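Below you'll find the structure, written out as C-alpha cells, and then a few comments.
Bear in mind that the values in this text are calculations on the coordinates, not laboratory data. Note that this is a predicted model, so its numbers are computed, not measured. As a convention, Cβ positions derive from the backbone with ideal geometry for all residues, glycine included, and neighbour counts pool all protein chains shown.
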Amino acid sequence: MIYDVIIIGGGVIGCCIARTLSKYDLKICLLEKEAELASGTTKGNSGVVHAGYAAPREYIKRNLCIRGNKLYTQAAEELNFPFQRIGSFVVALEDSQIKVLEEQRRQGIQDGIPGLEVILDKEKIKYMEPNINDEVVGVLHAPTAGIVSPYEMTFALADNAATNGVKFLLNQKVRRIKHQDYTFTIKTKTQEFKSRNVINAAGLYAARISKLVGLDYFEIMPRRGEYILFDRNALHLNKILFPTPTKVSKGILVCPTLHENTFVGPNAQNITDKKDISTTEAGLKEILEAGRKLVPNLPVRSSIRNFAGLRAVPDTYDFIIDNTDIYGFINIAGILSPGLTSCFAIAEKVVEFLELLGVELKIKEDYNPRRLKPERFKDFSKEELDQKIKEDPSWGRIICRCETIPEKEIINAIHAPVGATTVDGIKFRCRPGMGRCQGGFCRPRVIEILSRELNIPYEEVTKRGEDTNFLIAKTKDLTLKEIEGGTE
Amino acid sequence: MKQYNADVIVIGSGAAGLAAAIEVKKANLSVLVIERDKELGGITLQCIHNGFGLKEFEEELTGPEYIQRFINQIKELEIPYILNTMVIEISNDKKLYAVNNEDGLIEIKAKAIILAMGCRERTRGAINIPGFRPAGIYTAGQAQRFVNIEGYLPGNTFVILGSGDIGMIMARRLTWEGCKVKAVVEILPYVSGLLRNQVQCLEDYDIPLITSYTVTKIHGRDRVKGVTISKVDRNFDRIIGSDKFIECDTLLLSVGLIPENELTLNAGAELSKNGGPVVDNNLETTIAGIFTCGNVLQVHDLVDLVSAEAKRAGQNAVEYVKNRYDKKSSKKEIIKCLSGENVNYVKPDRINKRDLSKDIIFTLRVNYPDRRVLIQLKDNNNNLIYKRKKIYVIPSEMVELIVNLEKNGIDPKCKSINIEVIPRPEVLIEEE
Ligand SMILES: Cc1cc2nc3c(=O)[nH]c(=O)nc-3n(C[C@H](O)[C@H](O)[C@H](O)COP(=O)(O)OP(=O)(O)OC[C@H]3O[C@@H](n4cnc5c(N)ncnc54)[C@H](O)[C@@H]3O)c2cc1C
Ligand SMILES: Cc1cc2nc3c(=O)[nH]c(=O)nc-3n(C[C@H](O)[C@H](O)[C@H](O)COP(=O)(O)OP(=O)(O)OC[C@H]3O[C@@H](n4cnc5c(N)ncnc54)[C@H](O)[C@@H]3O)c2cc1C
C-alpha cells in the first residue's frame, strides 16, 4: 500500500497537520518514535497562545502566529480542548521600558492584532492583576493571548484525526528514507512504509530527517527552558505576565495554567545534547529570581514539580516551512516558539503546498470535525454522577485522590482512538499523578489498570516506553538468585 | 441517591479513625466509618515491622497486629463501615458526599464529623531536586507498599534521601530482600527519624548514613543511573566542590509527610501552619461539630499516641452530640497558643476559656535538637504559667505536656499563651 502522505513526528505540529489533512480523501499515516504522542517539545513548554506582537516583522513566524491565534477559537470549539483567552501583560518596571511597549502596540495594531493597549494607570493594572509587583509602571495588555494545555490539545487533534481515518503508529523511529519514482520508502527498525509525500515535523530531529533525503541546508540546536510548577490554590493569577523583552529573549514569565496551577519559567540555555531535559540548580534559582520581579509573592514553598523543555532552534532563528526541491518532501522545521500558537496556520501552509504538488484535495463526505470532550468526573453534577456510576461502576472507583480521577477516565484514556499505553501517557491524558502527591498513591493502581486493559504483565508496564520500566522483580527473586548462585 | 444517617461520621479507618469510632459507639451513639481503601486499617497495614503498641498494649506488635486489635473491636461492637468509598465533599451543614462503585453517589447526614484522613508523603517536586525525570524514583511509603503488599521490588540498588523513619525502615527491608542500599543521605546534620531506627535499621546492617548531604542531581534519562550528592552548609546551600556520584537504579525519598487536608478545607475549616486543621483543646476544628485526630491533625511518630488522641476526639464528639448539638452556639471565648522560640508548631491552636479547669494536653515539635532545655508557657503579659525541664529535644520526637492552666494560676483574662523551648539558664545536676 502506498500512502498519499506520511507525517514524521507526533508533536503538536505533526498532529495538527494530520488533523487538518484528515478532512480530505487521502491515505495518511503519522510515524512517531516514542511510545506516546506529544513526547517532545510539545510536552515541555509554556502553553501560551501568543497574541503575536513579539516577533520582529521580517520573520514569517510573526504572521503565522497572528493568524494561528485567530484560528484557535474555532479549533477549540470543534475539538473541545481546554483553551482560555485570559490575556497577557508585558510588564514595565521602569519608565524607560514604556517606549518598548508603545512600539510593540503600534506595530501590532498595524498587523491586525486586536485590542492591544498600553495601560499606565497603576490602580487599573492592580485591579486586573492584584499579584503584580507594586513597582509596575505600565503594561501592554493583549486580550487575545490565551492559555492551552499543549498535550491535551495534541491528543484531541490526534483522536479526531484518527476518527477521520489517519493511522497513528508509535514506537516507529524513522531511520532511512529512499526516494525513487516519486515514491518515498521510509524505514523504521521493524517496518517499511511507502508514500507519495512526506512531511517532516520531527522537531529537534528535523535536520536529521531532512538529511536522509539529501537536503542539508539547516541545523537545529536545542535551547533548554526550565520551569517550576506550583500547587493548585497557592496563587491565583488572572493574566499571563511577561517582563519587558530584551534583545535576547521574551524572558521568564509567570503564568496560570488551565488546571489552576501557576508556573514560572522558562530560562534559555543553549546546550548540545538533544535529550538533556534535566533541570539544574542554577537554572531553577534563575527563574525564581526572575519570577519574583513580576510577582514578589511567588509561593516558593508550594512548588510541586520542576521540568524542562527544549526549543528546536534553527540557525535561521525563523520557522523553516518549505516545499523543498525534492518533489513531495515538505520541511516543517525549526518550529520554536510561537510554534504552538502557529500550528493551525502552519497546517494551512501544508495544504497550500500539497495543492501545488498536485495532490487532489477532495473533502470527505463523512468528515467529522468534532471531537467530544472527554467525560470528566469533576464536570458532572451530583445527579449525573450517581447515574454514571450506576451505568458503569468504574466511575465510582477513585484512583487519583489529589485530582479525583476515577478508574473510568483512565480506561477511557487507554481506549481512546490513539490510546495511552504508558503511565506517563495516562498522566498527560487525564492527570492522575499530576497533583500534589505526584503519583505517590495512584501509580501502583495505574500500573495495574494498564496491565489489565492492555493485557500485558505488570512488570512490562513502563513509565514512557522502552527502558523505562518501573519494577524490577518480584520480591524473593533476588534472594533466590543469590542462593542459587551460592550453591554452584 | 443512597442516603445514610448517623450521629457521628468518621472519615478514614486508620489507627485514628478506628479508635475514635469505638469511643463513640461505647457511648451508645450511632457511628459510621468511611474508608476509601479496600480494607480497614490505613497506613499501619503496610508497616509489617514491629515497634507498635508499646504504650497502648505494653507489647511489641507489628502494624497489622496492632490495628487488628482495633478491627476486632469494631466487629465485636458491630460498628458499621463502608469500604472502597471516598468522601469527596463536606457541605457546611455537615452533609457529606461520598462515592463508590456499588452505590454511586452517597449522601450522609451527621451531627458530628471526625476527620481522620491521615497524611501523604512529600515528593521530589516539593523539594525541587534538579535533573532528569526517569523511572525509578519513589517515595519510601510507595516502595513499602510495593514490597510489603503487592510483592514487587522497585529496584536493585538504592539511595535513600532523607533519614525519616519510613526511609530507614525501608533501607533494612530492602536489604533483607537482597537489594543493595548504597546510602541514606540526610540534609540535616542529624538523623530526622527515631534513634531506635537508626540503630536497628542502618547501623546493624552497615548501611552508610551520610549527614549534611543532599541529592543535587538525578542522572539517567530512562531509568535512574545514579545521583550526585553534595555537602551543604548551615543554610542548606551546596558547598562547591563537594559533589560525589553514587551509582544506583532507584532513588527513594523519605522527606516528610504532609497532612491530607483537602476535605478539611472543603468543609470550610481553617488550617494552621503545620498543615493540619486549627483545633481547640477538644480537638474541635473551627467548625463546630467537626473534630479531628491522627496524622491529619499532626504527623505522629508513634501509633500509640494516635490512638490516645483519637479516643479524646471520639469522646469530645460524643459530648458535642449529647450537649451542644441543636443548641445555638454561644460565641466561644478563647486563648490562642503561639509557637515561640524553637517551637515548630503546637497543638491545640487555641484553648476554650470554659475549659481552663481541665487538664490540657499540648503536643509540639521543636525546630532543631537541643539538650538541657526548659519548656515554658507564658501569657501575653509575659507572666510565667508553667515550666518543665527536659534532657533533650529533637524534631523527630513529638513532645507532650499535660498542664492544668487554672491550677498553675493562669490569668483568665489573658489573650494568648506563648510556648517556647529554651536553653536552661543554670546547669542542673538532677534531671526531670
Ligand atoms: C521552553 C519552551 C517554551 C515554549 N513556549 C511556547 C509558548 O508559550 N507558545 C507557543 O506558541 N510555543 C511555545 N514553544 C514552542 C512550542 O512548544 C513548539 O513550537 C512546538 O511544541 C513544536 O512542536 P513540534 O511538533 O514541532 O515538536 P515536538 O513536539 O518536538 O514533536 C516532534 C516529534 O517528532 C518525533 N521524532 C523525532 N525524530 C523522529 C524520527 N526519526 N522518527 C519518528 N519520529 C520522530 C519526536 O519524538 C517528537 O515527538 C515553547 C517551546 C519551548 C521549548
Ligand atoms: C510508613 C510508616 C511507618 C510507621 N512506623 C511506625 C512504627 O514503627 N511504630 C509506631 O508506633 N508508629 C509508626 N508509624 C506512625 C503511625 O503508624 C501512624 O502515625 C498512624 O498509623 C496514623 O494513623 P491515622 O489513622 O492518622 O492515618 P492512616 O493510617 O493514614 O489512616 C487514614 C485513613 O483515611 C483514609 N482516607 C483518607 N481520605 C479519605 C477520604 N476522603 N474518604 C475516605 N477515606 C479516606 C485513608 O485511606 C486511610 O485508610 C508509622 C507511620 C508510617 C506512615
Percent of beta bridges antiparallel (DSSP, chain A, rounded to nearest 5):
70
FRET efficiency estimate (nearest 0.05) - Cβ-Cβ, B:Glu89 to A:Thr316, R0 51 angstrom:
0.40
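Go ahead and run the numbers for FRET between A:Arg175 and B:Met398, Cβ-Cβ distance against an R0 of 45 Å, rounding to 0.05. Don't skip to the end; give the middle numbers.
Values: r = 60 Å, r/R0 = 1.34.
Efficiency, from the Cβ-Cβ distance: 0.15.
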Under 19 Å from the B:Glu203 label point (7 Å along Cα→beta-carbon), backbone N, region B:362-379:
B:369-371
Below 16 Å, Cα to Cα, which lysines can B:Lys322 reach? Residues fewer than 8 away in the same chain don't count.
B:Lys25, B:Lys26, B:Lys111
Using a basic spin-label model with each label point 7 Å from the Cα along Cα→Cβ, how many nm lie between A:Glu219 and A:Leu372?
5.1
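Within a 10 angstrom radius of each residue's Cβ in B:100-108, how many Cβ atoms of other chains show up on average? Whole number is fine.
Values: counts 5, 12, 5, 5, 12, 13, 3, 2, 0.
Mean partner shielding for this stretch: 6.
Neighbouring Cβ atoms within 10 Å as the yardstick, rank A:Met153, A:Met221 fewest first. Could the numbers behind the result be given before it?
Working: A:Met153 26, A:Met221 17.
Listed from fewest to most nearby Cβ atoms, that is A:Met221, A:Met153.
Could you put B:Arg354, A:Arg105, B:Arg133 in order, starting from the residue whose Cβ has the fewest other Cβ atoms within 10 Å?
B:Arg354, A:Arg105, B:Arg133
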Where both residues lie in the protein assembly as shown, what percent of DSSP beta bridges are antiparallel, nearest 5?
65
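Which ordering of A:Ser394, A:Ser337 is given by a fewest-first count of other beta-carbon atoms within 10 Å? Walk me through the numbers before you get to the answer.
Values: A:Ser394 17, A:Ser337 25.
If I rank by nearby Cβ atoms, fewest first, I get A:Ser394, A:Ser337.
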Taking the Cα centre of each part, how many Å lie between region B:108-178 and region A:298-348?
38
Over chain B, with a Gaussian network built from C-alpha contacts below 10 Å, which listed residue (B:Ala308, B:Ala135, B:Ala21) shows the highest mean-square fluctuation?
B:Ala135
Cα gyration tensor shape of chain B, rounded if a/c is under 1.5, else prolate or oblate by comparing a/b with b/c:
oblate
Got a sec? Which residues in region A:126-142 would a label at A:Glu102 touch, if it sits 7 Å along Cα→Cβ and we count backbone N under 14 Å?
A:138-140
Using only atoms on other chains, find how many Cβ atoms lie within 10 Å of each Cβ of peptide B:177-183 and report the average.
3
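What FRET efficiency comes out for the pair B:Lys75/B:Phe236, r = Cβ-Cβ distance, R0 = 60 Å, nearest 0.05? Don't skip to the end; give the middle numbers.
Details: r = 49 Å, r/R0 = 0.81.
Approximately 0.80, to the nearest 0.05.
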Between A:His236 and A:Glu289, what is the spin-label point distance in nm, taking each point 7 Å from the Cα along the Cα→C-beta axis?
3.3
Size of region A:377-475 as Cα extents on the principal axes (Å, biggest first)
44, 28, 27
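What number, rounded to the nearest 500 deg cm²/dmol, is the helix-based mean residue ellipticity at 222 nm of chain B, given -39500 (n - 2.57) per DSSP H run of at least four residues and division by all its residues?
On the way: 7 runs with 70 residues, N = 432.
Here the helix-only value at 222 nm equals -5000 deg cm²/dmol.
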Quick note, the protein assembly as shown: a/c under 1.5 would make it rounded; otherwise a/b > b/c is prolate and the rest oblate (a ≥ b ≥ c, C-alpha gyration tensor); here it is prolate
Cut-off 12 Å, label 7 Å out along Cα→Cβ of B:Ser357, residues of region B:248-289 by amide N
none
Anyone know which of B:Lys336, B:Lys75, B:Lys217 comes out most mobile in the 10 Å Cα GNM of chain B?
B:Lys75
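What does the convex hull of the Cα atoms of region B:168-232 come to per residue, in Å³, rounded to a whole number?
83
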At 7 Å along the Cα-to-beta-carbon direction for both A:Asp134 and A:Glu58, put a label point, then send me their distance in nm to one decimal.
4.4
When you look at the Cβ of every residue in A:278-284, what mean number of other chain Cβ atoms sits within 10 Å?
5
